[in-house]
Amino acid sequence: MAGLEFAPPLTAPDVARGVCRLFAQAGLVAIPEVPLPNGRRTDLTAIDARGHITIVEIKVSRADLHGDGKWPDYCDWCDHFYWALAAGLDPAILDTAAYRPETSGLIVADRYGAAVVREAARCTLAPARRKAELLRIGRLAMRRSMIMADPELAAGWVER
């Protein structure tokens with residue numbers, strides 16, 4: 001129809017951008033695609049000024065949400081776990097027992113911002129795990145920064 005404009009569906013990078021804007025306002029720094037020691041990979045991992053770790057799992061469609069059975073594997077590696085849904089998705093499904101609404105938080109986002117709909121319960125990491133995770137995430141972020149500055153480093157990178 002002439003004169004009507006339709007917005008394209010939100011993508012995971014759109015939602016990540018909105019969540020990162022929310023986190024920046026709250027003093028958290030985030031990095032996407034963080035591999036965990038258990039073989040999983042987070043959509044976003046954030047750290048606050050006290051060293052508390054937040055993991056965010058992004059969902060942009062009902063099918064994506066229903067097909068996710070791996071998310072409980074993230075909970076042992078963070079202080080807070082959030083679902084981030086694309087604006088427009090019905091968040092009611094996350095109120096069911098399978099998605100642990102008593103512990104998992106909920107963020108609704110688009111590419112311009114986000115809002116916390118439900119706060120995540122705090123699950124305190126053991127000090128030794130927190131230290132190991134902060135070092136691992138920090139080294140990952142620094143390695144990515146180095147490779148962005150000099151892409152030739154990636155070819156010969158050896159993790160130690």
> Gain in length, Ala63 to Asp48, computed as 0.36 nm per residue apart minus the alpha-carbon separation, to one decimal in nm?
Replying inline: 2.3 nm
> Rounded to two decimals, what is Rg over Rh for the chain when you use alpha-carbon atoms and the Kirkwood radius?
Replying inline: 1.01
> Short version: ³J(HN,Hα) in whole Hz for each residue of the range 108-120, in order, from phi by Karplus 6.51 cos²θ - 1.76 cosθ + 1.60 (θ = phi - 60°), x for Gly and Pro, what are they?
Replying inline: 10, 9, 10, 6, 9, x, 7, 9, 7, 8, 9, 5, 7
> So, counting K/R as plus one and D/E as minus one, what does the shell of residues with Cβ under 15 Å around Asp150 add up to?
Replying inline: +1
> Given R₀ = 41 Å, FRET efficiency for Asp150-Arg129 by Cβ-Cβ distance, to 0.05?
Replying inline: 0.80
> So which residue, out of Arg100, Arg21, Arg130, gets the largest mean-square fluctuation from a GNM of the chain using Cα contacts under 10 Å as springs?
Replying inline: Arg100
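Every number here is computed from the coordinates shown, using simple stated rules; none is lab data. From a predicted model like this one, the values you see are computed outputs, not experimental measurements. All Cβ positions, even for glycine, are placed from backbone atoms using ideal geometry, and neighbour counts span all protein chains on display.
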